[in-house]
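Below is one structure, written out as structure tokens; comments come after it.
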Amino acid sequence: MLRNLRLHVEKDYSSMSQQAAEIFAAAVRANAITAAKTANPRPAYGFATGSTPVGMYKELILMHKSGNVNLSNITAFNLDEYYPISPTDPQSYRVFMRENLFDAVGTPPENTYIPDGQAKDPIAECAAYDEKISKAGGIYMQILGIGNNGHIGFNEPGASLMATTWHTPLAQATIDANARNFASVNDVPRHALTMGMHSIMMAKQILLLASGEGKAEILHKALCGPITTNVPASLLQLHNDVIIVADQAAARLL
Ligand code: F6R
């Protein structure tokens, strides 16, 4: 494994969540001091949805409430959103983030950005999203999960990858994996708007979480295998500051 990847292996999901929250909170505290002196006093962070970061978000809420970290003063950019989907749909990532983090820590809605799943012109929406990230001064730390197929955001394995935020079809494997959150597999939107690989790789630091036996093989491929568009997460090997927090089950093959 490369030196630019720092790996924390934790006993289980709960300690993985705690460790990830501590790393994230430490970054928020440190960056708040530097950012106060810049044109962007609300540093931007990148958030992920899915089941993996839910425990970390719970820990962050506790830390915020006990005064250990202030999450009301950040700018948030989410990796992705289904397309099409209404921002009030219970399965939308907008609702997910409000329910799992933003409402509890009081991040003002005007400082939480998620691609608009109802945009009439998705291509223009994607271009505007990258522009907003850049205006916010870039992302200090990007939280990531990893798909069973090696996707990050909704950048699915394939012959090529996209650099900037884009309108993507979802891989069948992703539709099947995410069907657990919908009434039926037919209700899973077939597309998404997702930050592209360059948009993700531009974050100063990456914090990737992985939990469970089901992620062991793909995590090993991503971190120790060849860099390939067929495993989008393998491109993280080219980033110079990646922190991986995995539980023992997910880290089994590393
Ligand atoms: C979610 C996202 C996805 C998930 C990945 C893992 O915003 O971008 O890449 O991180 O699908 O999902 P879970 O955590 O549910 O296994």
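List of remarks:
- Residue within region 169-191 that is under 30 Å from Ala36 (Cα atoms) and away from the ligand (no atom under 14 Å from the Cβ) present: no
- For beta carbons closer than 9 Å, sequence separation of 6+ or different chains, a first residue in region 6-35 that is closer than 18 Å to Pro53 by Cβ and modelled with pLDDT of 95 or more and a second that is among the aromatic types (Phe, Trp, Tyr) and not in a helix (DSSP H, G or I), the qualifying pairs are Phe24/Tyr45; Ala27/Tyr45; Ala27/Tyr140; Val28/Tyr45; Val28/Tyr140.
- Of the residues making up region 193-215, those that are open to solvent by 10 Å² or more (accessible area, probe 1.4 Å), within 18 Å of Thr229 (Cβ to Cβ) and in contact with a Phe, Trp or Tyr (Cβ under 9 Å, 6 or more places away or on another chain) number 1.
- Selection count where residues are over 15 Å from Leu144 (Cα atoms) and open to solvent by 40 Å² or more (accessible area, probe 1.4 Å), scope region 11-24: 6
- Conditions (1) loosely packed, with under 15 Cβ neighbours inside 10 Å; (2) within 11 Å of the ligand (Cβ to nearest atom); number of the one not met by Ile218: (1)
- Checking Thr88 against (1) free of Cβ contacts under 8 Å to residues at least 60 places away in the same chain; (2) within 14 Å of the ligand (Cβ to nearest atom); (3) among the hydroxyl-bearing types (Ser, Thr, Tyr), the condition it does not meet: (2)
- Contact map, region 195-221: first residue assigned to a strand (DSSP E or B), second residue within 15 Å of the ligand (Cβ to nearest atom) and of a type in the set (S, T, N, Q), Cβ cut-off under 9 Å, separation 6 or more or different chains; pairs are Gln205/Gln142; Ile206/Gln142; Leu207/Gln142; Leu208/Gln142; Leu209/Ser17; Leu209/Thr52; Ala210/Thr52.
- Test: residue in region 54-72 that is open to solvent by less than 10 Å² (accessible area, probe 1.4 Å), out of contact with any helix residue (DSSP H, G or I) (no Cβ under 6 Å at 6 or more places or on another chain), more than 16 Å from the ligand (Cβ to nearest atom) and more than 25 Å from Ala233 (Cα to Cα): no
- Of the candidates Gly138, Gly150, Gly106, the single residue that is within 14 Å of the ligand (Cβ to nearest atom), out of contact with any Lys or Arg (no Cβ under 6 Å at 6 or more places or on another chain) and within 30 Å of Ala25 (Cβ to Cβ) is Gly150.
- Some residue of region 79-92 being closer than 19 Å to Val105 by Cα and in contact with a helix residue (DSSP H, G or I) (Cβ under 8 Å, 6 or more places away or on another chain): no
- For region 73-83, the criterion of being surrounded by fewer than 20 Cβ atoms within 10 Å (Cβ to Cβ) and either more than 16 Å from the ligand (Cβ to nearest atom) or within 23 Å of Met201 (Cα to Cα) (or both) is met by at least one residue.
- Taking the numbered list (1) buried (at least 16 other Cβ atoms within 10 Å of the Cβ); (2) in a helix (DSSP H, G or I); (3) within 16 Å of the ligand (Cβ to nearest atom) in turn, Asp130 passes all entries but (3).
- Residues (open to solvent by less than 40 Å² (accessible area, probe 1.4 Å) and touching a residue at least 12 places away in the same chain (Cβ under 8 Å)) located in region 222-240: Ala222, Leu223, Val231, Pro232, Ala233, Ser234, Leu235, Leu236, Gln237, His239
The values are calculated or read from the model by the stated rules, or taken from the named source; none is laboratory data. Nothing here was measured: the structure is a model prediction, and the numbers come from that model. Cβ atoms come from the backbone with ideal geometry, glycine included; neighbour counts cover every protein chain shown. Heads up: the accessible areas ignore ligands, DNA and RNA and are worked out on the full protein's heavy atoms, side chains in. Shrake-Rupley method; radii C 1.70, N 1.55, O 1.52, S 1.80 Å.
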